[in-house]
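Okay, structure first, notes after.
The values are calculated or read from the model by the stated rules, or taken from the named source; none is laboratory data. This structure is a prediction, so every number in the text was calculated from the model and none was measured. Please note: Cβ atoms are built from the backbone with ideal geometry, for glycine as well, and neighbour counts cover all protein chains shown. Surface accessibility is based on the protein's heavy atoms, side chains included, excluding ligands, DNA and RNA. Shrake-Rupley method; radii C 1.70, N 1.55, O 1.52, S 1.80 Å.
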Amino acid sequence: MLKKIGITLIVLLALVIAACFGAVIYVKPTEQLDLRFNEVPLLERALTMIKNLKTSFVLSEADIDNIGKAAIRLKPEYQPGVLITGARFNLEGERLVAHLNLKLRDRLPVGIVIYYKLEWNEPNLVAKVDEAKLRGISLSKGYFDDIVIPLGSQLPELLHIKGIAIDKGNVVVSIRKPTLRELRVLIEQN
């Protein structure tokens, strides 16, 4: 009788260890991501736009990836005990998709995908959480925060973003038409 209980406990312990090991393997990121980025020359693009008398400029998917990584590098600790170690951003239709590699409690690597809806909220581009997944398993949106990207503060003071739109895998940033005085000041500054 004691022998059967001992064997049962050992089998249960082995199953629990195997389940824990399987869970760790399951949540592990599927791709190696980092936070390296290239600066996006927003000021230069805005000035070129003005010189060409246009009222919008385009941010490509690569630009969005670089801007997103730059925003994360400013604050890589998402929440206490949750560190973002890598990211990749892309657009799927009208949504921004963030592929994130996290490290929980400095030990457990986790890969998640968060889908965002992009909105313009003067002077920031705000990515509002729409959906979150861990390898196809839906997670509660309540665990995740919106991302605020200070896009407006990266442009000259006299330029004001009117709004954004997603078009063919790019983000089109529309600028309010500057007055003649504002145009003169902008051109004189540069």
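Remarks
- Residues of segment 143-153 include none that is open to solvent by 40 Å² or more (accessible area, probe 1.4 Å), part of a loop (DSSP other than H, G, I, E, B) and in contact with a His (Cβ under 8 Å, 6 or more places away or on another chain).
- Any hit, segment 62-72, residues being at pLDDT below 85, open to solvent by 40 Å² or more (accessible area, probe 1.4 Å) and over 19 Å from N124 (Cβ atoms): no
- Any chance E44 is modelled with pLDDT of 85 or more and either in a loop (DSSP other than H, G, I, E, B) or not aromatic (F, W, Y) (or both): no
- Any hit, segment 32-51, residues being of a type in the set (S, T, N, Q), within 28 Å of V129 (Cα to Cα) and surrounded by 15 or more Cβ atoms within 10 Å (Cβ to Cβ): no
- I112 meets each of the listed conditions (1) surrounded by 17 or more Cβ atoms within 10 Å (Cβ to Cβ); (2) touching a Pro at 6+ places or on another chain (Cβ under 8 Å); (3) not acidic (D, E) apart from (2).
- Index of the failed condition, L104 passing every other in (1) farther than 21 Å from A165 by Cα; (2) at pLDDT 85 or above; (3) aliphatic (A, V, I, L, M): (2)
- Pair list, Cβ under 9 Å, 6 or more apart: segment 163-183 residue on the phi > 0 side of the Ramachandran plot, other residue part of a helix (DSSP H, G or I): G169/E61
- Long-range neighbours under 8 Å by Cβ, at least six apart or interchain, first residue within 11 Å of R36 (Cα to Cα) within segment 48-71, second surrounded by 15 or more Cβ atoms within 10 Å (Cβ to Cβ) and among the basic types (K, R): D65/R88
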